[in-house]
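Data block below; observations after.
The values are calculated or read from the model by the stated rules, or taken from the named source; none is laboratory data. Quick caveat, the model's predicted, so the values are computed rather than measured. Because the Cβ atoms are built from the backbone with ideal geometry, glycine has one as well, and the counts that use them run over all protein chains shown. With ligands, DNA and RNA removed, areas are computed over all heavy atoms of the protein, side chains included. Shrake-Rupley method; radii C 1.70, N 1.55, O 1.52, S 1.80 Å.
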Amino acid sequence: MTPDRLRAALRGVPDPQWLDAALRRVATEPATIPRFFAAAARRCGRGPVPDPPGWTVDEAARALLLTALPSGHAVAAEALYRHGDAAERRAVLRALPLLPIGAECVPLLHDAIRTNDTRLVAAALGPYARHLEQPAWRQAVLKCVFAGVPLAVVDDLTGRADGELAQMLAAFAAERHAAGRTMPDDATELLHRLTITTTEA
């Protein structure tokens, strides 16, 4: 994902002049970002964009606003997340991989994963989740399974899934079976794949 791709996705917003002006203003007056960030959904819309899939218009606009900052990206991201509503928090989480912040905002991922908002959990497991330590990442994946969040939202799932995750999934599957319930299909498929890999190894 790149800012240019987000700009292309936002060509058809209802008020492109507002967005262009907001991006210029944030670039020269960073302190104005909270006002523009909050207004983005109302001025740009909330519907889905065709590309990139899974993004909404307001998320893309807000991510662009964060990338427009000349500096202080991590501080701004944390403030906007802490004071934002659910939609604004999702936008911050989606923007994190685009910002020059290293692992500074990992605490925001931990916060999102602790919530019961499945859309926040999903947003937290995008590309920026590469900074999550493996134990926390495994717990987040298991939470997706428990909460019914499709595992397709988990970035690099194939690359990071390991034997310990397989054990956790197997234990969860056993609990579900004892209760007369089944695991989601995608989790069952992942467990099957991990079990085969472990056996072959």
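Some values worked out for this structure:
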read-out: Rounded to whole Hz, the Karplus (6.51, -1.76, 1.60) HN-Hα couplings of region 156-168, x for glycine and proline; value: 6, 4, 4, x, 9, 4, 9, x, 5, 5, 4, 4, 5
read-out: Ratio Rg/Rh [Cα only; Rh per Kirkwood] for the chain; value: 1.04
read-out: Nearest 10 degrees, 0 to 90: helix 16-28 Cα axis against the chain principal axis; value: 90 degrees
read-out: Dipole magnitude (debye, nearest 20) for region 76-141, charges at Cβ of Lys, Arg, Asp, Glu; value: 200 debye
read-out: Between helix 73-83 and the chain: long-axis angle, C-alpha atoms, 0 to 90°, nearest 10; value: 80 degrees
read-out: Mean accessible surface per residue for the chain, computed with a 1.4 Å probe while every protein chain stays in place, in Å²; value: 51 Å²
read-out: Residue-averaged 222 nm ellipticity for the chain, from DSSP H runs of 4+ at -39500 (n - 2.57), nearest 500; value: -19500 deg cm²/dmol
read-out: Furthest towards positive pole of dipole, Leu157, Ala178, Leu191, structure part the chain, Cβ charges; value: Leu157
read-out: Estimated dipole of the chain in Debye, rounded to 20 [Cβ of Lys and Arg +1, of Asp and Glu -1, Cα centre]; value: 600 debye
read-out: Nearest-ten-degree value, helix 33-44 long axis tilted from longest Cα axis of the chain; value: 80 degrees
read-out: Sequence-distant residues sharing a close amide H with Leu10 (under 5 Å, placed H); value: none
read-out: Sequence-separation-based contact order of region 139-201, relative, with Cα cut under 8 Å and 6+ spacing, percent; value: 37 percent
read-out: Mean separation of Cα contacts under 8 Å, 6 or more apart, over the residue count of the chain: relative contact order %; value: 14 percent
read-out: Fraction of accessible area attributable to carbon and sulfur, region 64-188 (%, probe 1.4 Å); value: 53 percent
read-out: Region 75-180: relative contact order in percent, alpha carbon pairs under 8 Å with at least 6 residues between; value: 20 percent
read-out: Region 109-122 - phi-based ³J(HN,Hα) in whole Hz, Karplus 6.51/-1.76/1.60, Gly and Pro as x; value: 5, 4, 5, 5, 5, 6, 6, 9, 7, 5, 6, 5, 4, 4
